[in-house]
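Structure record follows, encoded as structure tokens.
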Ligand SMILES: N[C@@H](CCC(=O)N[C@@H](CS)C(=O)NCC(=O)O)C(=O)O
């Protein structure tokens, strides 16, 4: 069974959301680990094998290490028969790969720099800004309910997670807000919250006094 290193209410929560959506949460061993939190709480967990102590982190059945949310989400989707992504050779495949790499290559750095209030010409010329991200999402969505068409995909779960984490940086766009609402409605946020609350409690219980 693959082992997923997860810390509740963190970037690994979207992997839990994906596994729930696919109905395969019980097919992965979820190992709860602590991480340092923005509020000064938490700690680097010695039980987390990620070389920098981050989550999510996946160890496959063959002992291979997979890092980065997008890679882990694509790996797990493929492992369980691609219920949440277009198959190889299908027309949406290019858009799917684009969104999955756009997340880590552009959205995450731009969002974090916005949250940090960091500005630099070299940064802006490399990644652009939240304005371009808003435009890319509006253009990508067009009239479609989800990024790749009629159905929810891991691209929606990953891209939307950024704005679920930082709602105040959500582009001021009716199209994007409606999409985020659709992603929320298509996923079971209550089940995730219940899972995360229990995980938080469990994690607290294993922390040293
Ligand atoms: N780009 C990475 C980011 C991973 C990341 O920064 N995770 C945070 C959790 S929200 C973490 O583990 N922080 C702990 C630390 O920085 O030590 C991904 O999406 O997988």
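Spacing of the modelled spin labels on residue 126 and residue 169, each 7 Å from Cα toward Cβ, amounts to 1.6 nm. Does anyone have the angle between helix 154-165 and the longest principal axis of the chain? Alpha-carbon axes, 0 to 90°, nearest 10? The angle comes out near 80 degrees.
Take the Cβ atoms of residue 90 and residue 200, set R0 to 45 Å, and the FRET efficiency comes out at 0.70. Taking the C-alpha atoms only, the angle from helix 13-22 to the longest principal axis of the chain is near 80 degrees. To the nearest ten degrees, helix 130-141 and the longest principal axis of the Cα atoms of the chain are 80 degrees apart.
Available extension along the chain between residue 38 and residue 78 is 11.1 nm, counting 0.36 nm per residue and deducting the alpha carbon span. Using a Gaussian network model of the chain in which every pair of alpha carbons under 10 angstrom is joined by a spring, one finds that among 179, 99, 165 the greatest mean-square fluctuation is at 165.
From the Cα gyration tensor of the range 92-209, with a ≥ b ≥ c the square roots of its eigenvalues, which class applies: rounded if a/c is under 1.5, or else prolate if a/b is larger than b/c, or else oblate? Oblate is the answer for the range 92-209, as a/c is 1.5 or above yet b/c matches or exceeds a/b.
Based on DSSP H segments of at least four residues, each scored -39500 (n - 2.57), the chain has a per-residue ellipticity at 222 nm of -15000 deg cm²/dmol.
Computed from the coordinates by the stated procedures, all read-outs in this text should not be read as laboratory data. Computed from a predicted structure; not experimentally measured. Here the Cβ is made from the backbone with ideal geometry for all residues, glycine too, and neighbour counts use every protein chain on show.
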